[in-house]
Amino acid sequence: MTHTKKRKVILHGHMFKNAGTSVDKLLLNNFGKGFVDHRDDVKMQHGKQTYLIDFLQKNKKIRALSSHHLPLPLEPVADIDLLFIIMLRHPIVRVGSVYRFEKIQKRDTPGAIAAKKYNFQDYIRWRLDARPVVISNYFVQYCTSTLPINTSLKDRYQSALYFSEHTAFTGIVEFFDSSMVFIRDKVEASGIKFMTKSVRENITDARNEPLEHKVSKLKTELGSALYDELVEAN
């Protein structure tokens, strides 16, 4: 019997303001033209796994792909071994980064418009009231986009937790360099050579402060009541 070696493809779930651009830079450095920064969000969101697997099967040279809308969780694929990279970040600190980024972003999205119009407090109030997805349980929602719409938050959380602990190679934004070493070891254990070096791309908060100081400052900026509401949403 002849055993065919399965093709291996790295999939990076590029979550908004979660060091995704830095991870993409490392993937580009490692795989060159074999890396695809996928930006056809509409097709990925609508087609989900069917579209993604068809895209990979039609493009045999792809070794790594990054998407802002990776359809998760994914069912196993017969002829491709999918390796996932995902980054976690303190959710409240990430919210501050989202605001700073949208404030300088040269786009006319609702978030970018609101960030330029409002101060931080009013922006968070607007987000929570009108468009909460980006700042409310964002990691959980990202990792459960293919589950039925009526899936409870508790079940989504359990699914996202399992994915981050047992399926994906998960790094921590606040410990980026050591996370890349961990991910490198996991990728290489899967049979793919992967080089890492310190890289930072698209950073909106370069302050070298302890995490607790950043959180404390954000709490002061928002005020206790709004801060508590934001924490409750995450």
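The values are calculated or read from the model by the stated rules, or taken from the named source; none is laboratory data. A quick note: this is a predicted structure, and the numbers were derived from the prediction, not measured. Note: ideal-geometry Cβ built from the backbone for every residue, glycine included; neighbour counts use all protein chains shown. In case anyone asks, the SASA skips ligands and DNA or RNA and just uses the protein heavy atoms, side chains included. Shrake-Rupley method; radii C 1.70, N 1.55, O 1.52, S 1.80 Å.
The number of residues in region 104-115 that are open to solvent by 50 Å² or more (accessible area, probe 1.4 Å) and modelled with pLDDT under 95 comes to 5.
The set of residues in region 23-37 that are closer than 27 Å to Val93 by Cβ and either surrounded by 19 or more Cβ atoms within 10 Å (Cβ to Cβ) or charged (D, E, K, R) (or both) comprises Val23, Asp24, Lys25, Leu26, Leu27, Asp37.
Tell me, which residue of region 139-163 that is of a type in the set (Ser, Thr, Tyr), over 13 Å from Leu88 (Cβ atoms) and in contact (Cβ under 8 Å) with a residue 24 or more places away in the chain is least open to solvent (accessible area, probe 1.4 Å)? So, considering only residues that are of a type in the set (Ser, Thr, Tyr), over 13 Å from Leu88 (Cβ atoms) and in contact (Cβ under 8 Å) with a residue 24 or more places away in the chain, the one least open to solvent (accessible area, probe 1.4 Å) is Thr144. Against the condition more than 30 Å from Pro132 (Cβ to Cβ) and open to solvent by 20 Å² or more (accessible area, probe 1.4 Å), how does Lys48 come out, does it pass? Spelling it out, it is not the case that Lys48 is more than 30 Å from Pro132 (Cβ to Cβ) and open to solvent by 20 Å² or more (accessible area, probe 1.4 Å).
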